[in-house]
Amino acid sequence: MIFKVLNLPNANVNSVLYWLKRCGFHGEILDLDASEIPIESFLIIPGVGSFDFVMENLIINEMDKKIKDHLINSGRVLSICLGMQILFESSAEGRLEGLKIFKGKIKKLSSGDMNIPNIGWRNLKHFRGKSIPKDDRFYFMHSYCLSTKNLDDSFQDISISCSNEQFVAYFRYKNIYCVQFHPEKSGLSGINFFKKIVRENES
């Protein structure tokens, strides 16, 4: 299996590559101007930056179309944090449209007792399915989220977390795995999470 990490500007690409190595896999950088995404590859979209900046870079390089083609052809994808958010129609963080793979708009986290951005280790709660062990903790760093009100019935496995409100921390749709947390910063929990994804795609 080939693991390709999309080389988004300002994204933590080296951190993701090191994480893959710790998981026991070799990752390769996929530049934005690449002619194609090999259909046999497992694409990883890292998540640091702003919504409009990422979408501008995808559109300029026509990588938006290549990602859509990859998904239409049942390509495998792990989208992390902002990488997950751009798969939706739009975000309160920006003015540009997202990739519109899924319906719904990304919102800003509600204000309350907990600080924004939501930074730190959090537990997850199963909402649908049981793909992530309930005792695992993952590292979050975000100000925007997918509300639990925007859950699609087609999402297979769903876990949620909370920071002044409940939000979607993880979901799966066919070969698309989306996480709001940063598995590459989540220690053993992040490593076990990715190994489980790989096993699911090898069976």
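Assorted remarks:
- Solvent-accessible area, 1.4 Å probe, carbon plus sulfur percent, for segment 70-146: 47
- Segment 54-203: C-alpha gyration tensor shape, a/c 1.5 cut-off, then a/b vs b/c: oblate
- Between Lys103 and Glu40, the simple spin-label model (points 7 angstrom out along Cα→Cβ) gives 3.7 nm.
- Entry note, the chain: the mean residue ellipticity at 222 nm calculated from DSSP H runs of n ≥ 4, each adding -39500 (n - 2.57), is -7500 deg cm²/dmol after division by the residues and rounding to the nearest 500.
- Potential lengthening of the chain between Asp31 and Asn115 amounts to 26.7 nm, from the contour at 0.36 nm per residue minus the alpha-carbon distance.
- Restricting segment 28-109 to trypsin sites (Lys or Arg not before Pro) that sit in a DSSP loop and have at most 12 other Cβ atoms within 10 Å of their own Cβ leaves Arg95, Lys103.
- Measuring against 32 Å, Cα to Cα, the residue pairs Lys21/Lys105; Lys68/Lys149; Lys21/Lys103 contain Lys21/Lys105; Lys21/Lys103 as the ones spanning a longer distance.
- Model label sites at Leu188 and Lys174, defined 7 Å from Cα along the beta-carbon direction, differ in position by 3.6 nm.
- Rel. contact order, % - alpha carbon contacts under 8 angstrom, at least six apart, segment 110-203: 26
- Charge-dipole axis of segment 1-140 as Lys and Arg at +1 and Asp and Glu at -1 on Cβ define it, positive-most pick from Val77, Phe127, Pro46: Phe127
The values are calculated or read from the model by the stated rules, or taken from the named source; none is laboratory data. Predicted, not measured: the structure shown is a model, and the values here were computed from it. Note: ideal-geometry Cβ built from the backbone for every residue, glycine included; neighbour counts use all protein chains shown. Note: areas computed on protein heavy atoms with side chains; ligands, DNA, RNA excluded. Shrake-Rupley method; radii C 1.70, N 1.55, O 1.52, S 1.80 Å.
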